[in-house]
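Below is one structure, written out as structure tokens; the observations come after it.
The values are calculated or read from the model by the stated rules, or taken from the named source; none is laboratory data. Just so we're clear, the structure is a prediction, and the values are computed from it rather than from any experiment. In this analysis, Cβ positions are derived from the backbone assuming ideal geometry, glycine residues included, and neighbour counts consider all displayed protein chains. Note: accessible area is taken over every heavy atom of the protein model, side chains too, but ligands, DNA and RNA are not part of it. Shrake-Rupley method; radii C 1.70, N 1.55, O 1.52, S 1.80 Å.
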Amino acid sequence: MACCSSSSSLAFPALQPKFPSSQRSTSESIVISTRLINVRPVITASVSERPSVKPPKSRPAPAPPSPVEIVTQSSTKLPIRKIPGDCGLPLIGPWKDRQDYFYNQGKEEYFKSRIQKYHSTVFRTNMPPGPFISFNPNVIVLLDGKSFPVLFDVSKVEKKDLFTGTFMPSTELTGGYRVLSYLDPSEPNHGKLKKLLFFHLSSRRDHVIPEFHNSYSELFDGLEDQLSTNGKANFNQGNDQAAFNFLARPLYGVNPADTKLGLDGPKLIGKWVLFNLHPVLRLGLPNGIEDLLIHTFRLPPALVKKDYQSLYNFFYENSNFVLEEAERIGISRDEACHNLVFATCFNSFGGMKILFPNMMKWIGRAGVKLHTQLAQEIRSVLKSFDNKITMRALENMPLMKSVVYEALRIEPPVPAQYGRAKKDLIIESHDAAFKVKEGELIFGFQPFATKDPKIFHRSEEFVPDRFVGEEGEKLLKHVLWSNGPETESPNVHNKQCAGKDFVVLVSRLLLVEFFQRYDSFDIEVGASPLGASVTVTSLKRATTL
């Protein structure tokens, strides 16, 4: 869930259930690589399906359908408008915009003020970090739900080395390799590495639900102990350890506490992620010190080399079956392992680190009425399934599913997307069309696209049942957190998050496990460099509903 301010997301695939709708033709039915559920009760799923590693030998694999149609100048009915905005003088303009983005205005106001200034959701500006880390920070910004999807169409935009935007971290942080997140689908290793991730989770899929229960039961026990002792409990800290334990146990078959790594995994990951992302993070230090320390120059990778080596050793020692598959498809064990570290620690762990506290924040703020509705739905459905959490049981919880989608919509764990125009394009917003020249860098800030008031009613509000029913289902194509529409699936030809449906699954499991155990809860919310900081102040144990 992210991953993290980056242009991709949690990189583990889930299982491969498909979700045909009884009211749609076969060509219109939603097929999702791990979509555990759709919002309509007629949907079915099967956990026995595996992602295809090789296309049929009888004919080449077809290219995936384009997720967005880019209109040409001759076909658009909207007025062609020059892209407004000014990037300013070299060095000075990017530096001034960085001050506004991090300190003077903050992200939200930075974009809102420019929408008001230019009377447009498409404009030119600079994106941090700027000097002296990135020397070409000029971007075309897309801030509405109509223009944003061009960033998913890899026939129109290139994704090479744009995972973190206008700068790329040193490959010394990833063993000297450009890992999957930085590869464009046109590069040969992109398809191989994405297939490897599909293979990995497919081969361990039966362990996911039981190990999630074990890991998060430990988290809840710890929260209760902290509450009884201190009167409050730090959700984020417990979630970090539970998330890492969960990823290691089902996917690698090992409990970190029983290895040399011990309980240090989350701490080592946090330090390593900081070295990857510090140019685009706000840590809360005094402005001048922070700007000079983490936004002007790169932190030396050598300072985190030992920590990263500890993580690498842990994964290398416990992923032999994946490394063997890598060699079979033409990837060295070393390169494969560095990709496993990145996929597990940066993408998957990073996503759970951001998404889970954010989700608890929104649900906690929604209050007791929603808590009661979720508890009633979850417990009544599980009762009809002999109190066993199964894929089919999850399919029958429309409110729970909608709450997860709404959390992903209102605060996507990966807010930034980038792409470089492969050719001259015309991109449409709701109000105008804009010419983009080949080679120009396009940036989209997703929270504006997924809170577009012309698409979503009460777009700034957390509406728990927004995606319930047939009309709610139609809105899923505008939920874009995974570097693609929620109604489409990751494959080797696109840059959609390989673990898109795995993230949806574990988010649903969190709510099911929580509301089996508790009727309601109270929280306090603070700021964090990555997502929200959540402190639990009360937990009301489950009663019979």
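Inspect segment 230-252 for any residue being in contact with a Leu (Cβ under 7 Å, 6 or more places away or on another chain) and more than 30 Å from Met391 (Cα to Cα) and give the result as yes or no.
Yes, segment 230-252 has at least one match.
Thr543 is checked against (1) at pLDDT 95 or above; (2) open to solvent by 10 Å² or more (accessible area, probe 1.4 Å) and fails just one. What number does that condition carry?
Result: Thr543 passes all but (1).
Restricting the search to segment 181-209, which residues are over 25 Å from Asn276 (Cα atoms), surrounded by fewer than 21 Cβ atoms within 10 Å (Cβ to Cβ) and out of contact with any helix residue (DSSP H, G or I) (no Cβ under 8 Å at 6 or more places or on another chain)?
Ser202, Asp206
Going by the structure shown, is Lys369 among the charged types (D, E, K, R), buried (at least 24 other Cβ atoms within 10 Å of the Cβ) and closer than 30 Å to Thr535 by Cβ? Spell out how you get there, then give the answer.
Numbers: among the charged types (D, E, K, R): yes; buried (at least 24 other Cβ atoms within 10 Å of the Cβ): no; closer than 30 Å to Thr535 by Cβ: yes.
It is false that Lys369 is among the charged types (D, E, K, R), buried (at least 24 other Cβ atoms within 10 Å of the Cβ) and closer than 30 Å to Thr535 by Cβ.
So which pairs qualify, if the first residue must be in segment 504-518 and open to solvent by less than 10 Å² (accessible area, probe 1.4 Å), the second must be acidic (Asp, Glu), the Cβ gap must be under 9 Å, and the two must be at least 6 apart or on different chains?
Going by the 9 Å Cβ cut-off, the qualifying pairs are Val504/Glu486; Phe515/Glu377.
Need a quick list: helices (runs of 4 or more DSSP H) entirely within segment 395-480 having at least 3 residues that are open to solvent by 30 Å² or more (accessible area, probe 1.4 Å), charged (D, E, K, R) and on the phi < 0 side of the Ramachandran plot.
469-474
Only one residue in Ser120, Ser75 is modelled with pLDDT under 95 and out of contact with any helix residue (DSSP H, G or I) (no Cβ under 7 Å at 6 or more places or on another chain). Which one?
Ser75
Here's the yes/no breakdown for (1) under 15 Å from Phe346 (Cα atoms); (2) modelled with pLDDT under 95; (3) open to solvent by 20 Å² or more (accessible area, probe 1.4 Å):
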{"residue": "Phe244", "(1), (2), (3)": "yes, no, no"}
{"residue": "Asp264", "(1), (2), (3)": "no, no, yes"}
{"residue": "Val273", "(1), (2), (3)": "yes, no, no"}
{"residue": "Asn287", "(1), (2), (3)": "no, no, yes"}
{"residue": "Asp291", "(1), (2), (3)": "no, no, no"}
{"residue": "Pro300", "(1), (2), (3)": "no, no, yes"}
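Quick one: which residue in Lys260, Lys271 is among the basic types (Lys, Arg) and in a loop (DSSP other than H, G, I, E, B)?
Lys260
Could you list, in sequence order, all residues of segment 112-160 that are assigned to a helix (DSSP H, G or I) and surrounded by fewer than 20 Cβ atoms within 10 Å (Cβ to Cβ)? Working first, answer last.
Let us first name the residues in segment 112-160 that are assigned to a helix (DSSP H, G or I), namely 112-118, 148-152.
The answer is Lys112, Ser113, Ile115, Gln116, Lys117, Tyr118.
Does segment 483-499 contain any residue that is within 28 Å of Ala343 (Cβ to Cβ), at pLDDT 95 or above and in a helix (DSSP H, G or I)?
Taking every residue of segment 483-499 in turn, none turns out to be within 28 Å of Ala343 (Cβ to Cβ), at pLDDT 95 or above and in a helix (DSSP H, G or I).
With respect to Asn339, determine if the residue is open to solvent by 10 Å² or more (accessible area, probe 1.4 Å), within 28 Å of Ser507 (Cα to Cα), in contact with a Leu (Cβ under 8 Å, 6 or more places away or on another chain) and not β-branched (Val, Ile, Thr).
Yes: the conditions hold for Asn339.
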